[in-house]
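A quick write-up on the structure given underneath.
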Amino acid sequence: MDLDDQLRRYFATEDLTTITPAGLEAGVERMQVDFGMEKDKGRRFALWAMLHMFGAAPDLDVAFDNETDRNTARDFMDMMEKAAGD
């Protein structure tokens, strides 16, 4: 999944600074619906990661069926936290 493609798909722009609060809410809601319906493991994780970046990801025990996927998500969250601290 390409981030720019996903931004266009859910927010109709690649420039996050142009998204209105209503547009952000609508785009996140569409991502949540797609996440709930997605069956492909990789796409599902990518959607969860985007939702996490927007502060709207479901809890790990809800989002992922197995511990390996939950640990991968934890690793992602740690990496994002470290990157934000730089």
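Taking amide hydrogens as modeled 1.01 Å from N in the peptide plane, which residues meet the under 5 Å criterion relative to Phe54, leaving out close sequence neighbours?
Close amide H contacts, sequence-distant or interchain: none at all.
Given the Cα atoms of the chain, and with Rh set as the inverse mean 1/r over their pairs in the Kirkwood sense, what is Rg to Rh to two decimals? Mind showing how you got there, number by number?
Numbers: Rg = 13.1 Å, Rh = 13.5 Å.
So for the chain, dividing Rg by the Kirkwood Rh gives 0.97.
For the chain, run through the trypsin sites (Lys or Arg not before Pro) and keep only the ones in DSSP coil with at most 16 other Cβ atoms within 10 Å of their Cβ. Walk me through the numbers before you get to the answer.
Working: sites: Arg8, Arg9, Arg30, Lys39, Lys41, Arg43, Arg44, Arg70, Arg74, Lys82; in loops: Lys39.
Loop-located and lightly packed - Lys39.
Spin-label point model (7 Å from Cα, Cβ direction): what's the Ala26 to Asp2 distance in nm?
2.4
Compute the acute angle (0 to 90°) between the alpha-carbon long axis of helix 21-37 and the principal axis of greatest extent of the alpha-carbon atoms of the chain; round to the nearest 10°.
40
Find me the longest stretch of the chain that has none of the exposed GluC sites (Glu not before Pro), where exposed means in a DSSP loop (not H, G, I, E or B) with at most 16 other Cβ atoms within 10 Å. Write down the numbers at each step before the final one.
Working: sites that count: Glu14, Glu38.
Here the longest run is 39-86.
Coordinate-derived values only; no laboratory data. Small disclaimer: the values here were computed from a predicted structure and weren't measured. Methodologically, a virtual Cβ is constructed for each residue, glycine included, from the backbone with ideal geometry; neighbour enumeration extends over all protein chains shown.
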